[in-house]
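Quick one: this structure, given as structure tokens, is what I'll be asking you about.
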Amino acid sequence: MTAPGSAASYIAGSQWSSEGGPQQRDIRKMEKQFRVETFLEGDLAELYGAVLAEFEQASGMSLSQVNEALLQTGMLFHLTMMTSMGIVRDAEQCQQLDGLAERIGKENLLWEIVEMARRHWREGGTGAIDLKA
């Protein structure tokens, strides 16, 4: 469990459920976990509400699953940009992060787009990515 204001907790053998309590699962090692909270306002809050409404109508995903999918997609794109453009300077760290992104990303519907972005930025491209390429 995370204390108010703390960034992370390490929990062996459990994962926190959307109801806030622990769920037992088979974990062989300590797992890093973060509880992420934020406040959205304005256009971003409006967009978030619209996305939630669409997910609610089109799937049986819980709010927790929707939030995880949105965060996962955003993190994959940001990490791809950071590693591809040289923002992550340590080669070993970059390789570890790329491997982690691949393990996570292959379960993501947008993985092909992430791969396009990787190629674009690694080949020296800047700015927008041509999705038709």
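The values are calculated or read from the model by the stated rules, or taken from the named source; none is laboratory data. Computed from a prediction, not measured in an experiment: that's the story for all the values here. Methodologically, a virtual Cβ is constructed for each residue, glycine included, from the backbone with ideal geometry; neighbour enumeration extends over all protein chains shown.
Would you check which residues across segment 92-110 are in contact (Cβ under 8 Å) with a residue 12 or more places away in the chain and part of a helix (DSSP H, G or I) and list them?
Taking segment 92-110 first, the residues in contact (Cβ under 8 Å) with a residue 12 or more places away in the chain are 97-98, 101, 104-105, 108, 110.
Passing the criteria: Leu97, Asp98, Ala101, Ile104, Gly105.
Let me ask something else. Only one residue in Ile129, Ile113 is closer than 28 Å to Gln65 by Cα and either assigned to a loop (DSSP other than H, G, I, E, B) or under 12 Å from the mean Cα position of the chain (by Cα) (or both), so which one is that? Let's see the steps before the verdict.
Numbers: Ile113 fails: either assigned to a loop (DSSP other than H, G, I, E, B) or under 12 Å from the mean Cα position of the chain (by Cα) (or both).
Within the list Ile129, Ile113, the selection yields Ile129.
Please determine, by comparing only the residues of segment 91-122 that are acidic (Asp, Glu) and out of contact with any helix residue (DSSP H, G or I) (no Cβ under 7 Å at 6 or more places or on another chain), which one is modelled with the highest pLDDT. Quick ask: steps written out before the conclusion?
Looking only at segment 91-122, we keep the residues that are acidic (Asp, Glu), and these are 92, 98, 102, 107, 112, 115.
The next check asks that each one be out of contact with any helix residue (DSSP H, G or I) (no Cβ under 7 Å at 6 or more places or on another chain); those that pass are 92, 102, 107, 112, 115.
Numbers: Glu92: 93, Glu102: 84, Glu107: 74, Glu112: 77, Glu115: 78.
Among those residues, the one meeting the criterion is Glu92.
Turning to a different aspect of this structure: How do the pairs read when you match residues in segment 80-91 that are touching a residue at least 60 places away in the same chain (Cβ under 8 Å) and surrounded by 10 or more Cβ atoms within 10 Å (Cβ to Cβ) with residues anywhere that are part of a helix (DSSP H, G or I) and not basic (Lys, Arg), using Cβ under 6 Å and keeping only pairs 6 or more apart or on different chains?
none
In segment 33-48, is there at least one residue being modelled with pLDDT of 85 or more, assigned to a helix (DSSP H, G or I) and surrounded by 13 or more Cβ atoms within 10 Å (Cβ to Cβ)? Working first, answer last.
Step one: filter segment 33-48 for residues modelled with pLDDT of 85 or more, giving 33-48.
Then keep just the ones that are assigned to a helix (DSSP H, G or I); that gives 42-48.
Now restrict to residues that are surrounded by 13 or more Cβ atoms within 10 Å (Cβ to Cβ): 48.
There is at least one residue in segment 33-48 that is modelled with pLDDT of 85 or more, assigned to a helix (DSSP H, G or I) and surrounded by 13 or more Cβ atoms within 10 Å (Cβ to Cβ).
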